[in-house]
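Chemist: The structure is given below, and queries will be raised subsequently.
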Amino acid sequence: MEIDKIECPKRDNIIKLIKKDSKIGSFDGSPIHFKTKLSGKNGEKVDAFLTGRDILICERKYLLLICRDISSDRQMERKLHDSARFSNTLIEANPLPIFYKNREGRYIGCNAAFESFIGLKRDQIVGKTVFEVAAEEMASKCHEKDEELFASPGAQVYDY
C-alpha cells in the first residue's frame with residue numbers, strides 16, 4: 001500500500017494506544033517501535049509498523065512518527081508459516097524414519113517414526129550428535145555417511 005493511503009494516527013491516539021498496550025511500554029521520550037493496525041483512507045485495516053519519538057524543535061515538542069505498511073510482510077509470514085506447517089505434516093505422516101541435521105552434524109528435527117526407531121523422544125534427540133543418541137558402531141557408520149554427503153551434496157540412500 002502506498003504511504004498516502006494510510007491514515008496516520010494523531011499523537012493523542014498513539015499515546016492512548018501505547019498506554020493501553022502494556023507490551024509497548026511507556027511513552028517517556030525514548031523511541032517506541034510497535035506493530036498495529038491502522039485505518040486506510042479507503043476504510044480497510046492495514047498492518048503497520050510504527051516508530052515514534054518526541055522531538056524538540058524551537059522549544060516545541062513534536063511527535064516524529066514513521067508509519068510503514070507491513071501488510072505484504074504479514075502475508076509472506078503467513079505463507080512461510082503455512083508452508084512450514086505443510087512440510088512438517090508431510091514429514092510426520094511418513095512412516096519411514098526421517099531426520100535432518102545441521103552442518104555440524106547435530107539433529108535439528110525428526111519425525112515420530114525416527115523417535116520410535118531410535119527409542120528416544122524428540123527433545124532427547126534434537127541438538128545432539130549421532131554419537132550421543134546411537135550405539136558406537138551405528139554412530140560411526142552414520143557419521144561416515146554424513147561426511148560423504150557433506151563432501152558431495154546430493155541424494156544419499158543406504159541401509160544399515
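Chemist: Could you please give the count of residues in segment 102-160 that are in a loop (DSSP other than H, G, I, E, B) and of a type outside the set (S, T, N, Q)?
Modeler: Count: 18.
Chemist: Collect the residues in segment 136-157 that are open to solvent by less than 70 Å² (accessible area, probe 1.4 Å) and either more than 30 Å from the chain's Cα centre (by Cα) or closer than 14 Å to residue 101 by Cβ (or both), keeping them in residue-number order.
Modeler: 138, 139, 140, 141, 142, 145, 146, 149, 150, 156
Chemist: Within segment 91-124, can you find the residues that are open to solvent by less than 90 Å² (accessible area, probe 1.4 Å), under 22 Å from the mean Cα position of the chain (by Cα) and touching a residue at least 40 places away in the same chain (Cβ under 8 Å)?
Modeler: Within segment 91-124, 101 is the sole residue that qualifies.
Chemist: Which of the residues that make up segment 110-141 are in contact with a helix residue (DSSP H, G or I) (Cβ under 8 Å, 6 or more places away or on another chain) and within 21 Å of residue 94 (Cα to Cα)?
Modeler: Hits for segment 110-141 are 110, 111, 112, 114, 115, 118, 120, 121, 122, 124, 125.
Chemist: Then there is this: Test residue 127 against the criterion of being touching a Ser or Thr at 6+ places or on another chain (Cβ under 6 Å), of a type outside the set (Lys, Arg) and modelled with pLDDT of 90 or more, and give yes or no.
Modeler: no
Chemist: If you don't mind, there's one more thing I want to ask. For segment 125-135, give me each residue that is free of Cβ contacts under 8 Å to residues at least 24 places away in the same chain and either open to solvent by 80 Å² or more (accessible area, probe 1.4 Å) or within 24 Å of residue 84 (Cβ to Cβ) (or both).
Modeler: Result: 126, 127, 128, 131, 132.
Chemist: Residues of segment 61-83 being of a type in the set (S, T, N, Q) and closer than 17 Å to residue 39 by Cα, which ones?
Modeler: Hits for segment 61-83 are 71, 72.
Chemist: Output the residue which, of all residues in segment 40-85 that are assigned to a strand (DSSP E or B) and loosely packed, with under 11 Cβ neighbours inside 10 Å, is modelled with the lowest pLDDT.
Modeler: Per the stated criteria, the residue is 61.
The values are calculated or read from the model by the stated rules, or taken from the named source; none is laboratory data. Everything numeric in this text was worked out from a predicted model, so none of it was measured. Neighbour counts run over all protein chains shown; Cβ positions are idealised from the backbone, glycine included. When the accessible area is computed, the model is the full protein with side chains, heavy atoms only, and any ligands, DNA or RNA have been set aside. Shrake-Rupley method; radii C 1.70, N 1.55, O 1.52, S 1.80 Å.
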